[in-house]
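**Student:** Take a look at the following structure, please.
Just so it is clear, none of the values below were taken in a lab; they were calculated from the coordinates. Keep in mind the model is a prediction, meaning the values are calculated, not measured. Counting neighbours? That spans all protein chains shown, and the Cβs are built from the backbone with ideal geometry, glycine included.
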């Protein structure tokens, strides 16, 4: 209840200036037009939500690492390594782990560099939400908080870029691999992030020049929307290719190992403790999967909001339209920030 009350107070602080909107906010005349929020709550809340969601992913990964220890310890055929190879077909053997050259060997990374992607993505989503929130709060005054939001988004995206690089995903360098093609993989995600960093760098350079800001968002904003969409699909591909696939293999192996142990146990407490370990392992993978899926949905919403605001910047809205759009977009941004910050509480276990 206390957290809900705090969020409501932040929302109220962000919304009350909307009634002061005038036609000069987005007009194409010579009046200074700088994108700025009259409160700092978008930036602060975006940071806090991103940090909370990143901590959620980090805790889940640590508990999953403990589950990996259980997996390796459950069968003498397994030894700790960055990647182990699990048996995919038990018709010709019973050991959980096999040689990497075995016919049905399935790789499972138990120490993977991609574990830093999810926390970095969460913080990037929080910063992007703050940027979109600031974009929706347009006034004719200087824009220190807008510049701060742009800088925050650029910094968080740089951290995500480093995480992708550590996992082996580098931005595309050839023109044929540029953003916009219909592929979805980690390389595309890295390319999208690099493009967003460039966009925000250019926006920061003109953030004190009203007309330049308006022209830049109107002319280049479509690129960042495509890049957000590509990042979303790239993360989904990483999730399916690395998290879901290998996680399913590990889940199957943990279930097999647990059932073997249960067959040799007669003590109720031992059997209950063993099953509790199994449930914990399954729940942690479920939480990571669901958390990544939730951030993908948030990216979709931010992409749509940015498109709406970009079109608005290029138009000449009436004061009534300005007030309406500011309220609508503010509500949507608060929805993203609230769901991101509450990720841990919103995602339950598998049972």
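**Student:** Using a 10 Å cut-off on Cβ atoms, rank the peptides 296-303, 269-276 from the highest mean neighbour count down.
**Tutor:** The most tightly packed comes first, giving 296-303, 269-276.
**Student:** Separate question: Can you sort 289, 152 so the residue with the fewest Cβ neighbours within 10 Å comes first? Write down the numbers at each step before the final one.
**Tutor:** Details: 289 18, 152 23.
Lowest count first: 289, 152.
**Student:** Here is a further query. If packing is taken as the mean number of other Cβ atoms within 10 Å per residue, what is the order of 45-55, 194-204, highest first?
**Tutor:** Order by mean packing, descending: 45-55, 194-204.
**Student:** Two-decimal Rg/Rh of region 67-169 from alpha-carbon positions, Kirkwood Rh?
**Tutor:** 1.31
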